[in-house]
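Chemist: Quick one: structure below, then a few questions.
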Amino acid sequence: MIMDRLTLFGLLAVTAMLVCYALEDRSRWFILAFAAACALGSIYGFLQGAWPFGLVEAAWAAVALRRWNVRRSANA
């Protein structure tokens, strides 16, 4: 089975989401990386034509950015 570039991009975005989510307790920077991975997942969803997936991933990115900001403020 050969993956096209768009499928590979989606696989990498979702894998990054999983890894960053698992490591969030170690550092607030993993929360920020999770937000970025969610944004990449959103881009993938829209490029693939699965706009509901793109919207949900964009929402997750916004939630993660808020969580990162709250954690950053708490550590300041």
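Chemist: Report, ordered by the first and then the second residue, all pairs with beta carbons closer than 8 Å, sequence separation of six or more or different chains, a first member in region 24-53 that is at negative phi and among the acidic types (Asp, Glu), and a second member that is at pLDDT 95 or above and part of a helix (DSSP H, G or I).
Modeler: What qualifies is GLU24/PHE30; GLU24/ILE31; GLU24/PHE34.
Chemist: Looking only at residues that are among the hydroxyl-bearing types (Ser, Thr, Tyr) and farther than 20 Å from MET3 by Cβ in region 15-41, which one is farthest from the chain's Cα centre (by Cα)?
Modeler: This residue is SER27.
Chemist: For region 1-51, enumerate the residues that are closer than 13 Å to TRP68 by Cβ and polar (S, T, N, Q).
Modeler: Scanning region 1-51 gives a single hit, SER27.
Chemist: Still on this structure, I have one more. Looking only at region 57-66, how many residues end up being surrounded by fewer than 16 Cβ atoms within 10 Å (Cβ to Cβ) and charged (D, E, K, R)?
Modeler: 1
Chemist: State all residues of region 24-76 that are under 24 Å from LEU8 (Cβ atoms) and not in a helix (DSSP H, G or I); if no residue qualifies, say none.
Modeler: GLY49, ALA50
Residues are listed down the side, and each one gets a yes or a no for (1) small (Gly, Ala, Ser); (2) modelled with pLDDT of 95 or more; (3) surrounded by 17 or more Cβ atoms within 10 Å (Cβ to Cβ):
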residue: MET17; (1), (2), (3): no, yes, yes
residue: ALA22; (1), (2), (3): yes, yes, no
residue: ALA37; (1), (2), (3): yes, yes, yes
residue: LEU40; (1), (2), (3): no, yes, yes
residue: TYR44; (1), (2), (3): no, yes, yes
residue: LEU55; (1), (2), (3): no, yes, no
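The values are calculated or read from the model by the stated rules, or taken from the named source; none is laboratory data. Since this is a predicted model, take the numbers as computed values, not measurements. All Cβ positions, even for glycine, are placed from backbone atoms using ideal geometry, and neighbour counts span all protein chains on display.
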